[in-house]
Structure formats: C-alpha cells, structure tokens
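Reading through the structure tokens given below for one structure.
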Amino acid sequence: MIIIKDLFANLAILISLLFLYTQVSNRSPLTPRSSFQIKLLAGISGGFLGNVLMHYSINIGTTIVDLRLIPIILLAYFGGLVPSIISMLLIIGGRFLIGINISSYASTVLVITVTLFSVWIARTHLSKQMKRMIMLTFSNISASFLFLYLIKDINFLLKLIPIYWIVSYFSGYIAFNTVTFLRKSQELFNKYKAESMIDPLTGLNNVRKFDEIFNQSLADVEKKKQKLSLLYIDIDFFKKVNDTYGHAEGDVVLKELGHILRSCTRTFDIVSRNGGEEFTVLLLECPLDQAVQIGERIRETVEDHSFILTQGGTINLTVSIGVSCYSDTTKDAGLIINDADKALYEAKRSGRNMLCVAHY
C-alpha cells in the first residue's frame, strides 16, 4: 500500500512538472535540432525534475528507489546528447549533496551509463516504441546490477527487483505518453490558432488577423508619429466571373490575385483578404505618395495579367483601389479604414479600374 501511495505521488510530480515544461516550451519543443539555449533550458529542467524525484523516493522495504532516470531518458529520446548530459550532471550533483558514500558513487556510474546508452539508442533507426522499450529495459537492468552490488540480501532482492521493474516500466510509459500527448495537443492548438488567422483559400491574413495587426499598428504610429497607409482593393465585376465560369473558377482568380498582391508589395506589408473579393494592404511606415505608387503598381499588374482558368482559357480583370494615409489624408489613425473605404467607393462610382485617394 505504501509503495502504491509513493508511486502515485511520484507520478503526480512527474506529470505536473512535464506539463509545466511543455507549456513553457510550447513554441519551441525540444528536438535534436533545437538551439543550444532550448537544450540548455530542457537539460536544467530535467535536472531539476530528477532532483525533485530523488527527494520523493519510493520506499520498498528498507530500501528507497526513485525515478531520477526517467527525465534523462526522456531528454535523450527527444533532445539528444546535450540536454541529457546537462540533466545527468545536475542529478549527479544533487545526489552528492545528499551524501557522499559508496551508494552515491555507484548511482553516479548508473546515471552516466544509462545516459550514454540512451543517447546512443536515440540515434538509431529503430522504431519509436522500440527505442523507448530498449531505453527503459537497459535502465532496469543497470539498476538491478546496482542493487545486486549494494544489497546482499537475496530474499529481499527477489522482492525489490521485480517491483522496481514494474514501477519503472509503468512510470516510463506514463512519462513518454504524457509528453507525446502534450506535444501533439500543443501542436494542434498552434495549428488551429494559426489557421484561425489565415484565409484558407488565398493563404493571406483574414479579417481577424487584419484587425489584430491594425490595432497594434495604431498604437505604434500614434506613439512614434509614423506614417501608416491603407489600400482597400475590390475586384471589378467579380460577380460576373462567378456567374459565368462558376465559383470554382472564381476561387482560382482570388488565389491568383493574392499572389499578385504579395508580389507587388513590400515583404513587411500586411496583405489580407477581408472577405469576398475585398482585399487590403496595410503599408507600414509608408507616406501617401509611396502608397499611391504601390497601389498603381497593383492596379496595372492586375490589368495586364491574364488569369488562367482550370477549364482552359484566360480572362482579364481590373481592380478598384481606395487609399488613405495617416497623417497625410487622415488625422485620426483610427479612421483610415473608413477613409480608404470611401475612396474605394469613389473609384467604383467614377468608372472602376482606378485608384482614388481619400479626401483631405
């Protein structure tokens, strides 16, 4: 009963700290190709976890065992040599702080042996499950030799070693699956978060991402007194494209226009699809005259471009563009969207395929 209680306490510590680490490192999960800073952080975290587990040992009769090897095995598997060595050194140092004796020297040999073996196995081309099983099994075998060296009571060893193997396998299985589950969950979360900000058809920013960046930009330009320009773009007579060729071909046109907008703007400009056939380009640190140049480049490129349809043939289109700029046309930065929209409406009303600047 005491063993089960200690085991659950150790598992709770193990899972809690693994969860905490994966949350902190969710943007840069540990891999063999991670930067040294990430590996250093992982190694220190693993060393901390190993030392905590040493202080919450599992009592088996008159002997105590712990799960200090689990963090090292995890680091070797997911991160390779550097983080596992850092963790190993911290765990060895923590063991000597508890006491310097024959047991501490023997455990040092155990930790070093398991670390080096795990790093080697991690580099092989074996399957993931096979690597994990071999690492845990070697750890158990090595620990068993340590017990045989330190403990002379055969009857007690016959009880200790099987229990240790069961505890070690169970803990290792839980640890590997916990990390794998947390990493996959975080990966999916990051993927869905990114997709929620991206227009799935064109790959441009969607209106939600545009609003987020626009609000951030407002704070910067008003504080730093920078220029901020906006192009509001609409495809002329786009409804005819859908009605004549179908929505599938209309989607082809929208995707191609997205490519044109990217090619005609600067790499740091914010290109978005705000809905339907409406697009925006947020031009950072851009005065009105430069914004007009970029807008005209877009308009002329679209006018000269032949959009290739999947069913064969090509069509030609034009766009209308409204331009506003803080503080050249608009004194209140929060109104540049409204002013650009008005300028776009003026371009539409004046005959389309033109660029209009917001009124001062």
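The values are calculated or read from the model by the stated rules, or taken from the named source; none is laboratory data. Please read all numbers here as calculations on a predicted model, not as lab measurements. Note that each Cβ is placed from the backbone with ideal geometry, even for glycine, and that neighbours are counted across all protein chains shown. These accessible areas exclude ligands, DNA and RNA; they are computed on the full protein's heavy atoms, side chains included. Shrake-Rupley method; radii C 1.70, N 1.55, O 1.52, S 1.80 Å.
Observations on the structure shown:
- Largest GNM mean-square fluctuation across Phe145, Phe176, Phe279, computed for the chain with C-alpha springs under 10 Å, falls on Phe145.
- With each label modelled as a point 7 angstrom along the Cα→C-beta vector, the Asn338-Gln216 pair spans 2.5 nm.
- Per-residue packing, averaged as other Cβ atoms within 10 Å, sorts the ranges 178-185, 218-225 into the order 178-185, 218-225, beginning with the highest.
- The mean accessible area for residues of the chain, using a 1.4 Å probe and ignoring ligands and nucleic acids, is 51 Å² per residue.
- Options (1) 17.3; (2) 22.2; (3) 25.3 - which one matches mean projected area of the Cα convex hull in nm² as calculated here: (3)
- Available extension along the chain between Ile198 and His259 is 20.5 nm, counting 0.36 nm per residue and deducting the alpha carbon span.
- Remark: the range 320-334, residue by residue, has Karplus-estimated 3J(HN,Hα) of 10, 9, x, 10, 9, 8, 9, 10, 6, 10, 9, 7, 9, 4, x Hz, where x stands for each Gly or Pro and the curve is 6.51 cos²θ - 1.76 cosθ + 1.60 at θ = phi - 60°.
- Each of Phe181 and Thr108 was given a label point 7 Å from its Cα along the Cα-to-Cβ line. The distance between the two points is 3.8 nm.
- Relative contact order of the range 52-126, pairs being alpha-carbon contacts under 8 Å that are 6 or more residues apart, as %: 32 percent
- Set of lysines near Lys39 by C-alpha distance (under 22 Å), chain-local residues within fewer than 8 positions excluded: Lys128, Lys131, Lys184
- Residue pairs exceeding 19 angstrom between C-alpha atoms, taken from Lys227/Lys255; Lys209/Lys239; Lys223/Lys331: Lys227/Lys255; Lys209/Lys239.
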